[in-house]
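Each remark here refers to the structure printed beneath this line.
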Amino acid sequence: MTTTLVVNAAIVTVNGADDVIDPGWILIEDNFIDSLGPGQPSAAVIGRAESSIDCSGMAVMPGMVNAHTHLFQAFFRGLADDKPLLEWLKDCIWPGASHLDAETAYLAAKIGIVENLLGGATSIVDHQYVHADPLTSEAVCRAADDLGVRFVLARGWADRNYHEALTETADEIISRCRSLHAEWDGANHGLINVEIGPLIPWGCSDEAMRRVIDETRAWGRGTHHHCAETAVEVDMSLEERGVRHVPWLRDLGALGPDAQLVHSVWLDDEEIDIIAQTGSIVVHCPVSNMYLASGVPRIPEMLAAGVTVALASDGPGSNNRQDMFEAMKASILLQKVHHLEAMVLQPEDALAMACRGGAAALARSGDLGSIETGRRADLTFVDLRSPHIAPVHSVASALVFCATPQDVVHVMIDGSLVVKDGAIPGLDLEALLDEATDAAAELFSRAGIQSRLNR
Ligand SMILES: [Zn+2]
């Protein structure tokens, strides 16, 4: 048994009451938060602690959940800064992705996971849909295993209308998902899980959809879908199937608390009602929605309807960072300017999306997403003593509007420090950056894509 005592912290609990305990202490025993309280801990608590972390000048918040990314795109940043979604896919993502091999994917995933960890995200959902090399998903799980992040691999697929090298048959999808699940679900002491991620409505047939939904439910896992990201895709669905995306998913039996609907930008009133009634989760990617000019999701209406909303960066090809502080800030600014209403969302709303909403997306509402007794010790420690943050009137506001990944001091997952003093212990970051840059250069040369990688 190991016990760590956190003292002198401004604890932003992100519990249902948005309590901030400042100053406060947290006792962590093994993987869990044993107890917490205001002021200084009692002599009895101090007596139980084997080690302590002095958090003077720091905030401690729940580890953030980056509920949707595509890690392989760490090698695709800045290749197409000026394109809407469908052109961006065809001109930039598909040609490179169809030449991605497993070892290149491993390095891209490693860089992407390091970025998430250093930026205070303790959990990542990777929507991994590149299978030109059938070992790519395993390689990505291996990167997550090596770095100790809490990780869901949402195994993506398309069985029609997609780039040939990235298309599989329904039989191939089911059998490959099964082997991936058998090998990786529950790995690294339960930190890694596998679910299925139908890639995109126009790339997925009804028949394959029904089969994968049955498959993932049989595992007790969820489904992760791109949904209503752009108006063009909703029009395509209306033209081909005569139905918008959310009713299509409902009719397939896909919806429920185990369904994560990424983007959900173009929803009508009925679709918001369906999502609320089924308890499905919306994953909001504000920076990507702005970057690709996709639109403004109706987040305040969703929250008012009782929909659980998680927050995410989306892939580094359409962001171009994986910065959950930026995602929190953008989630609020986008709605303020869209509604011309300064009070439309508050910092506490963004924290709830990044932490509790993310925990719901992981189907872990019971043990992740807030700092409370009995919860898993996934914590992010943020330095508030910097000129772009101090002096602090409101810690919640400082975290959402001022803090950046560079302010993250420590990151704890399941009670272990995976980031310590702003670095990942045992990782040679410079060597990783060199190796990744070489691998990216080789990838784009194989794919015949002109790039001028900066070494
Ligand atoms: Zn995406």
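The values are calculated or read from the model by the stated rules, or taken from the named source; none is laboratory data. This one's a predicted model, so the numbers in the text were calculated from it and none came from an experiment. For neighbour counting, all protein chains shown are included, and Cβ atoms are generated from backbone atoms with ideal geometry for every residue, glycine included. Remember, those area values only see protein heavy atoms, side chains included, never the ligands or the DNA or RNA. Shrake-Rupley method; radii C 1.70, N 1.55, O 1.52, S 1.80 Å.
Just checking, does the range 262-273 include any residue being surrounded by fewer than 16 Cβ atoms within 10 Å (Cβ to Cβ) and within 16 Å of the ligand (Cβ to nearest atom)?
No, that holds for no residue.
Right, Val282: under 19 Å from the mean Cα position of the chain (by Cα), away from the ligand (no atom under 12 Å from the Cβ) and either modelled with pLDDT of 95 or more or among the β-branched types (Val, Ile, Thr) (or both) or not?
Spelling it out, Val282 is indeed under 19 Å from the mean Cα position of the chain (by Cα), away from the ligand (no atom under 12 Å from the Cβ) and either modelled with pLDDT of 95 or more or among the β-branched types (Val, Ile, Thr) (or both).
What are the residues in the range 249-261 that are open to solvent by 10 Å² or more (accessible area, probe 1.4 Å), in a loop (DSSP other than H, G, I, E, B) and farther than 22 Å from Asn289 by Cβ, if any?
Leu252, Gly253, Pro257, Asp258
Exactly one of (1) open to solvent by 40 Å² or more (accessible area, probe 1.4 Å); (2) closer than 19 Å to Ser288 by Cα; (3) more than 20 Å from the chain's Cα centre (by Cα) is unmet by Leu333. Its number?
(3)
Looking only at residues in the range 295-328 that are of a type in the set (Ser, Thr, Tyr) and either open to solvent by 30 Å² or more (accessible area, probe 1.4 Å) or closer than 22 Å to Ser370 by Cβ (or both), which one is nearest to the ligand (Cβ to nearest atom)?
This residue is Ser313.
Return a yes/no flag: does the range 227-248 have any residue that is on the phi < 0 side of the Ramachandran plot, assigned to a strand (DSSP E or B) and within 16 Å of the ligand (Cβ to nearest atom).
yes
Where in the range 11-113 are there strands (runs of 3 or more DSSP E), lying fully within it, with 2 or more residues that are among the small types (Gly, Ala, Ser)?
Output list reads 32-38, 51-54.
May I ask you to say which residue of Asp126, Asp171 is out of contact with any Cys (no Cβ under 6 Å at 6 or more places or on another chain) and open to solvent by 20 Å² or more (accessible area, probe 1.4 Å)?
Selected residue: Asp171, the only one of Asp126, Asp171 that is out of contact with any Cys (no Cβ under 6 Å at 6 or more places or on another chain) and open to solvent by 20 Å² or more (accessible area, probe 1.4 Å).
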